[in-house]
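Below you'll find the structure, written out as structure tokens, and then a few comments.
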Amino acid sequence: MGLETGFPGERIIVLPAPFVDLMRDDPLINDLYLISMGHVTHARHHAVERPDGNDCYVFLYCVWGCGRISVGSNSMTLKANQFMVLPKGLPVSYSSSDEDPWSLYWICFDGEKGKIHAKYMSSPTNVLPSVYMRLEQRTELFDKMYALLCEPPTIEILEYVNQILPHFLAAFRFREHDRTAEEQPRYSEGMINKVLRYMTDNVERKLTIKEIAGFAGMSESYFYRKFTAQMSMSPMDYFIRMKVNKAAILLLKTPMSVSQIAAKLGFGSPEYFSRTFKKVLGISASDFRKQDFRL
């Protein structure tokens, strides 16, 4: 089951050894299978050290902040909007920056195909937000696997999760091709629509008006006026509403706690999240979940 552990909003799932043995013997999924997964948010002092090396591959995806990673004698920095896979068998360590602590998704996996992904994703690689590429779809795949593993485990659930895992990894490795027909370049698309996509892809971050205006290629004041005139609210008010809408979906579709959702969406504290949620939707997050509202 999913646990909330040492860091605010942290989520972690570690599959018991008997289930790992089942997957290792299952011909449908034994070439690539998940062992554990987790998510930490703004996790100062988060650190992992494996001097004897990992006995599995570790996928890391940083969505905020940065941290240091060592593999053997090589040291590198993993920054926001970067990912990589740590190898098996080599001494590894990774730790969050104290000055700019990371928000990190991680998945431990194994299987024959694991070494192929590790080979091609062995160093920090950019997966930057763009007009055409939906980063949020990747975290949705992560959340889907996590939610499934929070259910009472069955072989069918394990097989389903491990059919999603290759899709998740491929969405990073083959990121330049990961576009739906609706996401192909459309040169007639208005700038505001492009900005809304940018906001959606960064809904877990604490975007500033400066960052959004920079993406739009406008001064802050001009962008603010143009956005407000078209959307009838300020860019940051709209962004907060997007966060609340995403939170409502997570409340209905996942077992995540209020504090986990608050951390995931960058609200800073569960109390601030709860106040904001009620201000926007007129009902508390806990009551919203209890009444099973439909969006």
Expected output for the range 191-203 (first residue under 14 Å from residue 63 (Cβ atoms), partner of a type in the set (D, E, K, R), Cβ below 8 Å, 6+ apart or cross-chain) is 200/134; 200/136; 201/134; 201/136; 203/136; 203/243; 203/246
When every residue in the range 151-182 that is at pLDDT below 90 and closer than 20 Å to residue 256 by Cβ is compared, the one surrounded by the most Cβ atoms within 10 Å (Cβ to Cβ) is 153
Going by the conditions given, is residue 232 of a type in the set (S, T, N, Q), exposed (fewer than 14 other Cβ atoms within 10 Å of the Cβ) and at positive phi?
-> yes
Within the range 21-55, the residues that are touching a Ser or Thr at 6+ places or on another chain (Cβ under 9 Å) and hydrophobic (A, V, I, L, M, F, W, C) are 40, 43, 47, 48
Take the conditions of a type outside the set (Lys, Arg) and crowded, with 19+ Cβ neighbours inside 10 Å and apply them to residue 53. Does it pass?
no
Over the range 112-127, the set of residues in contact with a Phe, Trp or Tyr (Cβ under 8 Å, 6 or more places away or on another chain) and over 22 Å from residue 23 (Cβ atoms) is 124, 125, 127
Looking only at the range 1-14, decide whether some residue is modelled with pLDDT of 90 or more, touching an Asp or Glu at 6+ places or on another chain (Cβ under 9 Å) and of a type outside the set (Val, Ile, Thr). no
For the range 246-269, pairs from a residue that is at positive phi to a residue that is not in a loop (DSSP other than H, G, I, E, B), with Cβ under 9 Å and 6 or more apart or across chains, are 266/64; 266/103; 266/243; 268/262
message = Looking at the structure I just gave you, is residue 247 at pLDDT below 90 and under 23 Å from the mean Cα position of the chain (by Cα)?
response = no
Reported set for the range 197-214 where residues are assigned to a helix (DSSP H, G or I) and among the hydroxyl-bearing types (Ser, Thr, Tyr) is 198, 200
Residue 38 fails exactly one of (1) of a type in the set (Gly, Ala, Ser); (2) modelled with pLDDT of 90 or more; (3) touching a Pro at 6+ places or on another chain (Cβ under 7 Å), namely (3)
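The values are calculated or read from the model by the stated rules, or taken from the named source; none is laboratory data. The model shown is predicted, which means the values in this text are computed figures rather than measured ones. Ideal geometry is used to build each Cβ from the backbone, glycine not excepted, and the neighbour counts take in all protein chains shown.
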